[in-house]
Amino acid sequence: MGVLIYGAGSHYDFDDRVLAHLRAAVGNKLRRRESFFVEWTKGAVDGGGRVSLWITSDVPLQFRFAQAEPPVNQAWVRALLDSSYTPGGMILTSEPDASADEREG
């Protein structure tokens with residue numbers, strides 16, 4: 001289980017594979033100096049609801065992995081990047097959803 005640390009200590013747990021893809025997409029956006037929202041749904045185990053963060057180069061951001069970083073599925077990264085240009089911002093989807101979207105597109 002990896003951790004996304006946002007700002008002055010807010011932390012969010014993610015599977016290392018999910019976190020690797022989020023890092024690739026966020027890094028791509030920040031290299032372009034683009035600020036954006038990233039949003040995901042919390043599971044019932046974590047109390048449910050949604051989390052939405054404003055991502056900008058002005059806020060410190062760390063990605064901490066428990067294991068070696070897994071290989072990155074470029075279709076999943078593209079799906080995350082594509083969603084970042086919508087009014088709702090980058091929506092963190094699961095890998096199968098991203099792959100299905102790629103096949104349909």
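What is the local net charge at Lys29, summed over the other residues whose Cβ is closer than 12 Å to its Cβ (Lys, Arg +1; Asp, Glu -1)?
After counting each charged neighbour, the total is +2.
Please give the length that would be gained between Thr41 and Asp15 if that part of the chain were fully extended, namely 0.36 nm times their separation in residues minus their C-alpha to C-alpha distance (nm, one decimal).
That pair, Thr41 and Asp15, stretches by 8.0 nm at full extension.
From the phi angles alone, apply the Karplus equation (6.51, -1.76, 1.60; θ = phi - 60°) to segment 29-37 and give each ³J(HN,Hα) in whole Hz, x where the residue is Gly or Pro.
For segment 29-37, the Karplus curve yields 5, 5, 4, 7, 6, 9, 8, 6, 8 Hz.
Using θ = phi - 60° and the Karplus curve 6.51 cos²θ - 1.76 cosθ + 1.60, what whole-Hz ³J(HN,Hα) does each residue of segment 3-16 get, with Gly and Pro shown as x?
Listing the rounded values in order: 9, 9, 10, 10, x, 8, x, 5, 10, 9, 8, 9, 4, 3 Hz.
Name the shape class, rounded, prolate or oblate, that the alpha-carbon gyration tensor gives for segment 2-104, where a ≥ b ≥ c are the square roots of its eigenvalues, rounded holds for a/c under 1.5, and otherwise prolate holds if a/b is larger than b/c and oblate otherwise.
Note, shape of segment 2-104 comes out rounded.
Readers should treat all values here as calculations from the given coordinates under stated rules, not as data from a laboratory. What you see is a predicted model; the values in this text were computed from it and never measured. Note that we place each Cβ from the backbone using ideal geometry, even for glycine, and neighbour counts take in every protein chain shown.
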